[in-house]
Amino acid sequence: EAGVTQFPSHSVIEKGQTVTLRCDPISGHDNLYWYRRVMGKEIKFLLHFVKESKQDESGMPNNRFLAERTGGTYSTLKVQPAELEDSGVYFCASSQVRRGGSSGNTIYFGEGSWLTVV
Amino acid sequence: AQSVAQPEDQVNVAEGNPLTVKCTYSVSGNPYLFWYVQYPNRGLQFLLKYITGDNLVKGSYGFEAEFNKSQTSFHLKKPSALVSDSALYFCAVTPKGGGSNYKLTFGKGTLLTVNP
């Protein structure tokens, strides 16, 4: 079974440009999350989809970041325009949704998209 | 608000010796606790989790962790370290119940180096 896949694995862009990161969750996982780790700091939650709906986007840093999950399958995270402080690793993760509420489902992470803004 | 502390930025051990990577947490109510590992230039890989039940949790690659509610700790351990265990280890917490188990709060990570 394929894990969470992310594309591109690495990206170097100039300040002011646009970058779109893609995430394909594990098949059957309705929960999809984006996290980010800026160099030397903690991994921070960005947002959470349940199928195509945004459940929580409280971690999105500002309106330069836009996440979508059309059709409830793959997701994209667009940064437009990119700034130097956006450099870091963007992790996508997914988990199953179980009936009856939360049950400590394991959240599986992808390899990350390493973004460098110069 | 929940938080995780990993008090050691780096841990160095000799191959064959036991290793411990420390983690303490703060959360309202009961926690779900997780350990993830990041090998160089790779993503986050799930190691183990504590949900309920036995305080000693066994995970992948011979790792285990002990949940201690009174000390709010969830230290990661391995009886005999391997050079291949060298990686960045992250502890994470989320509060149990309420549908909020998706929002993991991570520690800063601990770099484990196992010397041959």
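The values are calculated or read from the model by the stated rules, or taken from the named source; none is laboratory data. Keep in mind the model is a prediction, meaning the values are calculated, not measured. Neighbour counts run over all protein chains shown; Cβ positions are idealised from the backbone, glycine included.
Restricting attention to region B:42-59, and to residues there that are part of a strand (DSSP E or B) and surrounded by fewer than 12 Cβ atoms within 10 Å (Cβ to Cβ), which single residue is farthest from the other protein chains (Cβ to nearest Cβ)?
Taking region B:42-59 first, the residues part of a strand (DSSP E or B) are B:44-50, B:56-58.
From what's left, surrounded by fewer than 12 Cβ atoms within 10 Å (Cβ to Cβ): B:56, B:58.
On the way: B:LEU56: 17, B:LYS58: 15 Å.
Out of the qualifying residues, it is B:LEU56.
Scanning region B:31-41 for residues that are modelled with pLDDT of 95 or more, of a type in the set (A, V, I, L, M) and either at negative phi or surrounded by 15 or more Cβ atoms within 10 Å (Cβ to Cβ) (or both) turns up at least one hit.
Farther than 16 Å from B:PHE106 by Cβ and away from chain B (no Cβ under 13 Å) - does that describe any residue in region A:30-41? Looking for residues that are farther than 16 Å from B:PHE106 by Cβ and away from chain B (no Cβ under 13 Å), one finds none in region A:30-41, hence no.
One line per residue, one yes/no per condition, for (1) over 12 Å from the mean Cα position of the chain (by Cα); (2) closer than 13 Å to B:GLN38 by Cα:
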| position | (1), (2) |
| --- | --- |
| B:TYR61 | yes, no |
| B:HIS75 | no, no |
| B:LYS78 | no, no |
| B:ASP85 | yes, yes |
| B:LEU88 | no, yes |
| B:LYS103 | yes, no |
| B:LYS108 | no, yes |
| B:PRO116 | yes, no |
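Please work out if B:GLY62 is small (Gly, Ala, Ser), away from chain A (no Cβ under 12 Å) and touching a residue at least 24 places away in the same chain (Cβ under 8 Å). So B:GLY62 fails the test. Of A:LEU115, A:LEU47, A:LEU84, A:LEU77, all but one fail to be in contact with a helix residue (DSSP H, G or I) (Cβ under 8 Å, 6 or more places away or on another chain), closer than 21 Å to A:SER9 by Cα and either facing chain B (nearest Cβ under 9 Å) or touching a residue at least 12 places away in the same chain (Cβ under 8 Å) (or both); the exception is A:LEU115.
Exactly one residue among A:ASP24, A:ASP86, A:ASP30 is at pLDDT 95 or above and more than 20 Å from A:VAL117 (Cα to Cα), and that residue is A:ASP24.
Candidates in region A:60-81 are the residues that are touching a Lys or Arg at 6+ places or on another chain (Cβ under 6 Å) and among the small types (Gly, Ala, Ser); of these, the one that is farthest from B:ASN41 (Cα to Cα) is A:GLY72.
State yes or no: is B:GLU8 charged (D, E, K, R) and part of a strand (DSSP E or B)? Before you say what the answer is, go through the steps one by one.
Numbers: charged (D, E, K, R): yes; part of a strand (DSSP E or B): no.
Judged against the criteria, B:GLU8 is not a match.
Scanning region B:86-104 for residues that are surrounded by 21 or more Cβ atoms within 10 Å (Cβ to Cβ) and either modelled with pLDDT of 95 or more or in a strand (DSSP E or B) (or both) returns B:TYR89, B:PHE90, B:CYS91, B:ALA92, B:VAL93, B:THR94.
Considering only residues of region A:36-53 that are of a type in the set (A, V, I, L, M) and farther than 16 Å from B:VAL4 by Cβ, which is modelled with the lowest pLDDT?
So the residue we want is A:MET39.
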